[in-house]
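The values are calculated or read from the model by the stated rules, or taken from the named source; none is laboratory data. This is a predicted model, so every value here is computed, not measured. With ideal geometry, Cβ positions are generated from the backbone for all residues, glycine too; neighbour counts draw on all protein chains shown. Surface areas here come from the heavy atoms of the whole protein model, side chains and all, with no ligands, DNA or RNA. Shrake-Rupley method; radii C 1.70, N 1.55, O 1.52, S 1.80 Å.
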Amino acid sequence: MGRKILLEKINVPGIKTYEVYRREGGYASVEKALKKMTPDEVVEEVKTSGLRGRGGAGFPAGMKWSFIDKKSGNPRHLVCNADESEPGTFKDRYLMEYIPHLLIEGMITSSYALGANLSYIYIRGEYMWVYKILERAIAEAKAAGWLGKNILGSGYDLELFVQIGGGAYICGEETALIESLEGNRGNPRLKPPFPAVKGLWQNPTVVNNVETISAVPWIINNSGADYAGIGIGRSTGTKLISASGNIKNQGVFEIELGVSVYEFMNSDEYCGGMQTDRPLKALVPGGSSVPILPANLIYKTAAGEDRLMTYESLSDGGFATGSMLGSGGFIVYDDRACIVRNTWNFSRFYHHESCGQCTPCREGTGWLEKVLWRIENGQGREEDIELLWSIQSKIEGNTICPLGDAASWPVAAAIRHFRDEFEYHIRFPEKIKNRDHFVAEP
Ligand code: L3W
Ligand code: SF4
């Protein structure tokens, strides 16, 4: 059994409640930090842990925290990004729904480290029932003295609020989230300045994902070095994976970073292998934004090494031959899946969710969707594959926020690895018309 940090207590009956969470040792990291550690010591511990942002980018959390300007005297904020909207990703919901006090404990300990007295959890509007769970948990924590003025007599004050999003994927981008939190339309800002310098109301702000913040209590209770001892290389600790698609066991799993993709896919502890005896065709390992991998590159990298569930191993060769761990949205496809249809579906999503600020993204995502739709619907033209390639290459790297890249990579990878499927759609439109998309072509 792999080591569990975040989900260790998830099956304890009643762990959702303050009473049980506390009885199981909850809030110990707040006690330890506030009574025995300076804020900078907490930051150092997180730095030592090597914990990387679990929202998708994998940026070192401790380094981000250390960019916060503590000398200027401006208020500082911690904002938790709970706007989980990446297709294929549902692990933050799982944590917040089943063990909400872990996030609240992490928010308090992390806010203390940053010297933040006003912190927020920004949750997607579609998670309304989870919002209610969080609100209840915050009220319990406040009643027990973990929030408010002079927490544990330490002189440290913290107010924590939950803000509900309005249903836009783009508000999961940290600067769009900040705009939305300020009451504006959720348009991403140009970076730099990064939020750590000018964030919420132009104050130094750290935006971290739910899972990242939820790992902090363990790191403080044990040590950064203990956390760094789990995993491989720069991929330290554990990671939640949302597994879906044609596997036996769909759900949220906690893995030690460094487990092989083969083991994750096939062991009974995790995905349990393919759902039926149909062969594995493709894998999206990190949510819809990351490149899709064809069967021959799932268990082995292009260099022939075992592919591991790490930030590094999954991104060997960039999108040419690798992918990304991303947010850990692990989507498995068997041979019934139509890659053209899947790519069109993702493109439709990005077109719908583009905020429209940058021309390459606003127009390009629309073109990707349109061209993919006509290929998928038997109206493709010979030149369409080159057209798709050209459109995606003009979006990538030319936009304000990563949504542009996220719209491009899946198209580029699908063409690179499954070109024959696009050609088949274009050359034999009569064969793809009126078919059941989830039946393999003869
Ligand atoms: C201060 C510097 N701070 C970087 C900070 C920056 C941010 C973090 C990472 O996109 C990705 C995207 C999606 N001084 C800094 C600095 N920072 N340099 O570090 O920044 P960045 O720009 O690399 O990434 P990002 O904007 O956070 C996130 C991919 O994740 N993704 C998305 C998943 C979406 C969800 C969801 O819906 N919740 O998980 C999945 O793969 O494509 O590439 O904090 O400020 N010099
Ligand atoms: Fe908006 Fe797309 Fe530009 Fe991001 S890349 S700012 S979503 S138009």
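Structural remarks
- Meets criteria (in contact with a strand residue (DSSP E or B) (Cβ under 7 Å, 6 or more places away or on another chain) and either surrounded by 22 or more Cβ atoms within 10 Å (Cβ to Cβ) or without any contact (Cβ under 8 Å) to a residue 24 or more places away in the chain (or both)) for residue 165: yes
- Checklist (1) more than 16 Å from ligand 2 (Cβ to nearest atom); (2) among the hydroxyl-bearing types (Ser, Thr, Tyr); (3) in contact with a helix residue (DSSP H, G or I) (Cβ under 6 Å, 6 or more places away or on another chain); (4) not in a helix (DSSP H, G or I) applied to residue 327, failing item: (3)
- Enumeration of residues in the stretch 75-106 that are more than 16 Å from ligand 2 (Cβ to nearest atom) and either in contact with a Pro (Cβ under 6 Å, 6 or more places away or on another chain) or polar (S, T, N, Q) (or both): 76, 89, 105, 106
- Subset of the stretch 331-360 [within 16 Å of ligand 2 (Cβ to nearest atom), open to solvent by 40 Å² or more (accessible area, probe 1.4 Å) and not in a helix (DSSP H, G or I)]: 357
- Unmet requirement for residue 175, which otherwise passes all of (1) within 16 Å of ligand 2 (Cβ to nearest atom); (2) in a strand (DSSP E or B); (3) among the hydroxyl-bearing types (Ser, Thr, Tyr): (2)
- Residues that are crowded, with 22+ Cβ neighbours inside 10 Å and within 11 Å of ligand 2 (Cβ to nearest atom), drawn from the stretch 361-389: 361, 364, 365
- Any chance residue 54 is among the charged types (D, E, K, R), assigned to a loop (DSSP other than H, G, I, E, B) and touching a strand residue (DSSP E or B) at 6+ places or on another chain (Cβ under 9 Å): yes
- Residues located in the stretch 392-426, provided they are within 15 Å of ligand 1 (Cβ to nearest atom), farther than 19 Å from residue 317 by Cβ, touching a residue at least 60 places away in the same chain (Cβ under 8 Å) and assigned to a helix (DSSP H, G or I): 403, 407
- Of all the criteria given as (1) within 14 Å of ligand 1 (Cβ to nearest atom); (2) open to solvent by 50 Å² or more (accessible area, probe 1.4 Å); (3) among the acidic types (Asp, Glu), the one not satisfied by residue 182 is (1).
- Selection from the stretch 35-59 of residues that are under 19 Å from residue 150 (Cα atoms) and either within 16 Å of ligand 1 (Cβ to nearest atom) or open to solvent by less than 20 Å² (accessible area, probe 1.4 Å) (or both): 42
- Residue match in the stretch 218-235 (condition: assigned to a strand (DSSP E or B) and buried (at least 18 other Cβ atoms within 10 Å of the Cβ)): yes
- Look at the stretch 45-62: where a residue is under 21 Å from residue 242 (Cα atoms) and a partner is open to solvent by 10 Å² or more (accessible area, probe 1.4 Å) and in a helix (DSSP H, G or I), sitting 6+ places away or on another chain with Cβ atoms under 8 Å, you get 53/64; 55/172.
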